[in-house]
Amino acid sequence: MNKTLLALALGGLLSFSSTTVIASPQESIQSSVEYSQFTSKRQVVDQLLSDAVTAFKSPARISHAGFTAKMPSNMEIVTNRLLEAYQLEPYRTDLLISAANAQIYNKNADRAIDLFEQVLDVAPQDVDAHSYLAVWQHFNGNEAESQKHMQTLKTLNEGRATDIQRIFDTVNRIVATPLKETLGKERKGNTAIITLGYALNPDGSMHEILIQRLEKTLAFAKKQPNSMIVLTGGVPKNHKTEGKLMADWLVDHGIARDRIIEDNYARSTVENALYSSYALARHNIDHATIISSASHVRRGQTLFEIASWQTGPKDITFDTVSAADKPLDDLKVPSQGELLGIYRDALRTYGMWSYRSYPLEQR
């Protein structure tokens, strides 16, 4: 593609406004600009989406207590490129949904809500849009608005409404449960210990936070000698993965390797839950204890419970043990940032993809 012509098209023709004008049902939405003199509209949209992917995959990252996400500035670029593409293709509501979820990652629930509302302007019966709005209005404390969307969901898709309410109930129960650092009494039955990974150092060595989690795992594994151990984490650094290094560390400290299942593929807490849930199902686990940092375990438990809805075992239960990255007294009440991450990833684990605009697609 001629980059000069494309730059003219992007610079001269695309001026983004946060307010999208929606045509009446009888009025066909058509672009008022003739693109053929510059380049095809499809090429412009493709380039905008390519720019969004580039920003999304930028190596600039922040990481704490197992949460790895793109820098907010990157997500602002992602949002803007998606919305510029939407201005050109106003039937592509997937672009609006992807842009809204980028703002959730940007911790701007208000702007995300505005964008989800624009989806309903186009498609007032969109089940996903009503689901997102029920959740994020609930997160913002706007219960009347949340319940309005829940009532609409019940008429459109009663099963979805039931599932969203189940997510609310699950989160409420988990955040109301006190965090604990100590190990409880030995459990009977088919039990498992699940240790969540943490981003490796650039040289491929384990971060101190991950070693703290392993120390908890080691103590628990000795107390529960019959428990299976699931180690999950697959973001490679210097050709090494968290799962493999965690397994080697435990074996070096006396744990039999045949007790260990490694997940060397999960790139996020969502994938930790999705991939490990099949190991729990395969071994018909009755109860699993999740070990992670104190600021991370509530999100981990929420996602593992939701993942088990699809995989089973049907009556599996979960609890958590915290490696104290922060004093537990400081974490009694989850912060808004922690709650946002819990709800965002709960929806992803449930199956609602955050990004659904090729080539930017991600659960």
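The values are calculated or read from the model by the stated rules, or taken from the named source; none is laboratory data. Please read all numbers here as calculations on a predicted model, not as lab measurements. Heads up, the Cβs are rebuilt from the backbone with ideal geometry, glycines too, and the neighbour counts pull from every protein chain shown.
Just a few scattered comments:
Matching residues to (1) surrounded by 20 or more Cβ atoms within 10 Å (Cβ to Cβ); (2) of a type outside the set (Ser, Thr, Tyr); (3) modelled with pLDDT under 95:
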site: Tyr132; (1), (2), (3): yes, no, no
site: Lys154; (1), (2), (3): no, yes, no
site: Glu158; (1), (2), (3): no, yes, no
site: Ser205; (1), (2), (3): no, no, yes
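- So Thr182, is it within 23 Å of the chain's Cα centre (by Cα), surrounded by fewer than 15 Cβ atoms within 10 Å (Cβ to Cβ) and of a type in the set (S, T, N, Q): no
- Residue satisfying all of: in region 254-269; modelled with pLDDT of 95 or more and hydrophobic (A, V, I, L, M, F, W, C); farthest from Lys222 (Cα to Cα) among these: Ile261
- Single residue of region 84-105 satisfying the filter (among the acidic types (Asp, Glu) and part of a helix (DSSP H, G or I)) that is farthest from the chain's Cα centre (by Cα): Glu84
- Elements of type strands (runs of 3 or more DSSP E) in region 282-363, at least 2 residues being under 26 Å from Ala192 (Cα atoms): 287-293, 317-323
- Test: Leu82 is outside the structural domain of Lys223 (by TED's automatic domain parsing) and at pLDDT 95 or above: yes
- Positions within region 106-119 being buried (at least 19 other Cβ atoms within 10 Å of the Cβ) and assigned to a helix (DSSP H, G or I), in sequence order: Ala109, Ala112, Ile113, Leu115, Phe116, Gln118, Val119
- Any hit, region 195-203, residues being free of Cβ contacts under 8 Å to residues at least 24 places away in the same chain and crowded, with 16+ Cβ neighbours inside 10 Å: no
One line per residue, one yes/no per condition, for (1) of a type outside the set (S, T, N, Q); (2) at pLDDT below 95:
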site: His287; (1), (2): yes, no
site: Arg299; (1), (2): yes, no
site: Gly312; (1), (2): yes, yes
site: Leu331; (1), (2): yes, yes
site: Ser335; (1), (2): no, yes
site: Leu340; (1), (2): yes, no
site: Leu360; (1), (2): yes, yes
site: Arg363; (1), (2): yes, yes
